[in-house]
1. Please report the base-10 log of the normalised intensity I(q)/I(0) for region 96-224, using a Debye sum with one equal scatterer per alpha carbon and no solvent, at each q in 0.15 (1/Å).
2. Tell me, what is the 1.4 Å probe accessible area of His95, in Å² to the nearest 10?
3. For Asp112, what accessible surface area do you get with a 1.4 Å probe? Give it in Å², rounded to 10.
4. Give, in nm to one decimal, the length gained when the segment between Arg84 and Arg98 is fully stretched (0.36 nm per residue of separation minus the Cα-Cα distance).
5. Report the one residue of Thr189, His159, Ala134 whose Cα lies farthest in the direction of the positive end of the charge dipole of region 130-194 (charges on C-beta: Lys and Arg +1, Asp and Glu -1; origin at the Cα centre).
6. Using alpha carbons only, how many angstrom separate the centre of region 118-170 from the centre of region 215-287?
7. For the peptides 231-237, 275-281, what is the packing order when you average, over each peptide's residues, the other Cβ atoms within 10 Å and list the highest mean first?
8. At a 10 angstrom cut-off on C-beta neighbours, averaged per residue, how do the peptides 101-109, 214-222 rank from highest to lowest?
Amino acid sequence: MVRVTTPARPPQHSTEESVTRAAPDRRSALRSGVALAAGTLAAGTLTAGCATTGAAAHPPAASRASGTQPPAHRAAPAAAPAPRRFPQQPAEITHGPRDRPRVALTFHGQGDPAVARTLLGEAERNGARVTVLAVGTWLDEHPDLARRILDGGHDLGNHTLRHLDINAMSEADADAEIRGCAERLRRLTGSIGTWFRPSRTPRASPAVERLARGAGYPHVLSYDLDSLDYTSPGAPAVTRQVLGGIRNGSVVSMHFGYADTVAALPAVLEELGRRGLRAVTTTELLS
């Protein structure tokens, strides 16, 4: 008697893989990423916007397991760029030169790492480079993302240790917030980061501005256009808000951690390209 062996059924691919294989164009791949991000964020990983008050929410423990170890081939990375002084710029920068077709998309670095990677990947596919202001506790939970941001050609900076209302703190506590995040950046990248942005406020108080200089940041990075994505108004509203106010030299405030931002970014980048505006790092914007 001859035994007939039936070949094992090939493994089934996930919905995301199937969509990508069937339609490898950018928009199909992004829709899968948006669906993943939206599902994750619905579980409660949204972060609070910078202009609101109170302590920022942090990702739950279940999300902390992803990406805690950097790849082996990055065992000895080069030191990241240090802060630079731009003599023609004020102590608190809100925008770049208005006579060049460049803009800077700046992101509050906190929230689910899958959303961060989706946003970074979408920017890179469009030839855009962004600026990420990372929260120190987020770096503690996802240390590999510091190098991921830098390896993508993006700027990486300091958005305080815990994302509290830094202008309302005592000077000692505010200094600890700035230096605590700076130390994490130094440990992970060899640099304190290229920029400092105060938390829970669009502008730094004179005291916080002085403390940032003492910690090694010649400038405080603010912005002239708020996307309002942290209010979760829907992707079309985020797109309209950004494109309605952006112009040469704009520094735009956006956030990791929101599905609306993921969904809005392709349309924003496409329209910027149509208008001849390049999305560059803040360092390049001011150079």
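1. For region 96-224, the Cα-only Debye profile gives -0.67.
2. Accessible area, nearest 10 Å²: 60 Å².
3. The value for Asp112 is about 10 Å².
4. Extending this stretch completely gives an extra 3.0 nm.
5. The Cα lying farthest towards the positive end belongs to Thr189.
6. 14
7. 275-281, 231-237
8. Result, highest mean Cβ count within 10 Å first: 101-109, 214-222.
The values are calculated or read from the model by the stated rules, or taken from the named source; none is laboratory data. No experiment lies behind these values; they were computed from the predicted model shown. Don't worry about glycine lacking a Cβ; one is built from the backbone with ideal geometry, like all the others, and counts go over all protein chains shown. The protein model used for the area step is the full one, side chains on, heavy atoms only, and it has no ligands, DNA or RNA in it. Shrake-Rupley method; radii C 1.70, N 1.55, O 1.52, S 1.80 Å.
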